[in-house]
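Below is one structure, written out as structure tokens; the observations come after it.
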Amino acid sequence: MRSFLLLLCTLFSATGPPADSLQRSSPGPEPIVGMMTRSYVDASRMNWSRSAPRPLRTAIWYPVDGTNKRETIFGGTTEMFLPVAVAPGEPVSGKSRAYPLVVMSHGTGGSALMMMWLGTHLAANGYIVAAVNHHGNTAAEAAPAPQGFLLYWERAADLKVLIDAVLSDPVFGERVDRERIGAAGFSLGGYTVIAAAGGRFSQPTFDEFCQSPQRDFTCEPQNEFPEAPARFAALRETDPGVTESLRRSGQSYRDPRIKAVFAIAPALGSGFTPNGLRHVNVPVQIVAGEGDVIAPLATNARRYASLVPGARLTVLPGAVGHYVFLHECSLRGREALPICRDAPGVDRAAVHRTVREQALQFFDSMLKDTQ
């Protein structure tokens with residue numbers, strides 16, 4: 001599976017229309033959005049090889065005015081995922097002085113681009129969206145790192161630095177309404193955005209859960225990097241970066257600038273005590289599939305919803321599973337990649353339409369226009 005996930009970090013240029021288009025209020029293709037990438041870094045933390053600052057490679061989608069410029073990504077020779085058209089490098093739309101910002105966090109071993117199905121929709125409807133590749137835990141890098149897979153809280157720290165970077169960006173900094181910032185994430189990214197909203201993860205609580213009869217798949221080696229736990233166990237004894245990070249595991253990573261959180265099939269719900277989630281004091285919307293066996297409802301989405309004050313949960317019924325929330329695949333992709341194959345009767349495109357409209361309505365209602 002790792003070799004296929006590496007395909008996600010490659011961009012292929014071609015001419016073509018956007019896939020799975022959805023117009024918010026009328027039929028026809030969705031407005032094309034701009035896209036830029038940024039090589040942000042966190043100078044306060046080292047990368048996992050301790051050779052340079054921690055990288056925060058980021059994809060940014062944003063509204064643009066009418067343009068004939070377009071390139072497609074997820075296309076090219078691989079044809080595993082449906083192409084999406086963007087307008088790279090175009091100026092930010094002048095229709096508003098400033099736009100709300102949504103920062104996005106991908107799932108285990110995934111990438112910023114796998115969140116594009118949601119990010120471009122928000123951008124088409126008036127948001128600047130910044131999706132980060134979490135170092136050591138992303139297919140957008142040449143190789144994974146066990147630290148990136150097991151030191152979960154470092155991902156929440158990424159979001160704070162990402163917001164700082166976007167607000168200082170020469171193109172986007174002055175175009176963001178700093179009072180209207182939200183966060184969205186999938187799977188481990190769902191954990192990440194809840195942690196960034198104030199949830200305090202407890203490694204001892206998660207370890208205890210994983211030693212109990214109630215343990216779920218989140219305790220197991222993950223398909224994207226099954227060797228990670230064994231390699232991490234060795235690093236605990238020898239790597240000073242691991243020791244340093246473990247000391248920070250129970251800290252709060254709350255960023256008060258985040259005003260609303262949309263979590264999709266969030267994982268690691270059993271790593272929080274009730275007290276660890278009661279300090280999340282921003283609106284939280286959670287959506288998950290009833291057929292999810294990767295992050296089962298009872299120990300993840302339902303647990304978050306029951307412990308985060310005021311959280312709202314939508315359960316998509318039937319066989320809707322975990323990987324349905326990844327980018328839509330082509331026929332070839334469905335034939336070749338397990339993550340592209342949904343249960344019979346599940347329409348990934350329809351699920352995406354439902355979830356992205358929920359996300360848009362949620363952020364529209366929670367990130368009030370302060371201008």
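Please find, within segment 75-104, the residue that is surrounded by the fewest Cβ atoms within 10 Å (Cβ to Cβ) out of those that are farther than 30 Å from ALA195 by Cβ and small (Gly, Ala, Ser).
Top of the filtered list is GLY94.
Check off (1) surrounded by fewer than 16 Cβ atoms within 10 Å (Cβ to Cβ); (2) among the polar types (S, T, N, Q); (3) touching a residue at least 24 places away in the same chain (Cβ under 8 Å) for SER330 and give me the number that stays unchecked.
(1)
Go through segment 150-177 and give me each residue that's part of a helix (DSSP H, G or I) and aliphatic (A, V, I, L, M).
Selection gives LEU150, ALA156, ALA157, LEU159, VAL161, LEU162, ILE163, ALA165, VAL166, LEU167.
Can you pull out every residue in segment 31-78 that is under 30 Å from THR238 (Cβ atoms), within 21 Å of the chain's Cα centre (by Cα) and assigned to a loop (DSSP other than H, G, I, E, B)?
Listed by number, the residues that qualify are ASN47, TRP48.
Look at segment 299-317 and say how many of its residues are part of a loop (DSSP other than H, G, I, E, B) and either modelled with pLDDT under 95 or closer than 16 Å to SER187 by Cβ (or both).
Looking only at that region, the number is 2.
Taking the stated definitions as given, is THR72 surrounded by fewer than 24 Cβ atoms within 10 Å (Cβ to Cβ) and of a type in the set (Ser, Thr, Tyr)?
In short, yes.
Working only within segment 132-185, note down all residues that are in contact with a strand residue (DSSP E or B) (Cβ under 8 Å, 6 or more places away or on another chain), under 18 Å from ALA43 (Cα atoms) and basic (Lys, Arg).
ARG155
Give all pairs with beta carbons closer than 7 Å in which a residue from segment 222-247 that is under 12 Å from PRO144 (Cα atoms) meets a residue that is modelled with pLDDT of 95 or more and surrounded by fewer than 18 Cβ atoms within 10 Å (Cβ to Cβ); count only pairs at least 6 apart in sequence or on separate chains.
Short answer, once both residue conditions are applied: ALA228/PRO221.
Take the residues of segment 282-306 that are among the charged types (D, E, K, R) and under 14 Å from VAL351 (Cα atoms): which is surrounded by the fewest Cβ atoms within 10 Å (Cβ to Cβ)?
Applying the filter and picking the extreme gives GLU290.
Considering only residues that are among the β-branched types (Val, Ile, Thr) and either within 17 Å of VAL282 (Cα to Cα) or touching a Cys at 6+ places or on another chain (Cβ under 7 Å) (or both), which ones fall in segment 164-202?
ILE181, THR192, VAL193, ILE194
If GLN147 satisfies all but one of (1) part of a helix (DSSP H, G or I); (2) over 18 Å from TRP48 (Cα atoms); (3) not hydrophobic (A, V, I, L, M, F, W, C), what's the number of the condition it fails?
GLN147 satisfies every listed condition except (2).
Scan (1) touching a residue at least 60 places away in the same chain (Cβ under 8 Å); (2) more than 30 Å from ARG175 (Cα to Cα); (3) more than 19 Å from the chain's Cα centre (by Cα) for the single condition LYS368 breaks and write down its number.
(2)
Would it be correct to say that ARG236 is basic (Lys, Arg) and not in a loop (DSSP other than H, G, I, E, B)?
Against the criterion (basic (Lys, Arg) and not in a loop (DSSP other than H, G, I, E, B)), ARG236 qualifies.
Tally up the residues in segment 99-110 that are under 11 Å from PHE186 (Cα atoms) and in a loop (DSSP other than H, G, I, E, B), please.
Residues flagged as under 11 Å from PHE186 (Cα atoms) and in a loop (DSSP other than H, G, I, E, B) within segment 99-110 amount to 4.
Could you list all residues from segment 267-293 that are over 24 Å from GLU357 (Cβ atoms), in a loop (DSSP other than H, G, I, E, B) and in contact with a Phe, Trp or Tyr (Cβ under 7 Å, 6 or more places away or on another chain)?
Matches in segment 267-293: LEU268, PHE272, VAL293.
Among the residues of segment 84-98, what is the count of those that are in contact (Cβ under 8 Å) with a residue 60 or more places away in the chain, out of contact with any Ser or Thr (no Cβ under 9 Å at 6 or more places or on another chain) and either part of a strand (DSSP E or B) or among the charged types (D, E, K, R) (or both)?
Looking only at that region, the number is 1.
Just to be sure I understand the filter: pairs with C-beta atoms under 6 Å, separated by 6 or more residues or on different chains, first member in segment 170-193 and at pLDDT 95 or above and crowded, with 22+ Cβ neighbours inside 10 Å, second member assigned to a strand (DSSP E or B) and aromatic (Phe, Trp, Tyr). Which pairs pass?
Close Cβ pairs (under 6 Å, with a partner that is assigned to a strand (DSSP E or B) and aromatic (Phe, Trp, Tyr)) amount to ALA184/PHE262.
Residue by residue, here is whether (1) touching a strand residue (DSSP E or B) at 6+ places or on another chain (Cβ under 8 Å); (2) under 14 Å from ILE286 (Cα atoms); (3) among the aliphatic types (A, V, I, L, M) holds:
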| position | (1), (2), (3) |
| --- | --- |
| ARG303 | no, yes, no |
| LEU307 | no, yes, yes |
| GLY310 | yes, yes, no |
| GLY321 | yes, no, no |
| ARG332 | no, no, no |
| ALA343 | no, no, yes |
| ASP347 | no, no, no |
| ARG353 | no, no, no |
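The values are calculated or read from the model by the stated rules, or taken from the named source; none is laboratory data. Quick caveat, the model's predicted, so the values are computed rather than measured. Using ideal geometry, Cβ is built from the backbone for each residue, glycine included, and neighbour counts are taken over all protein chains shown.
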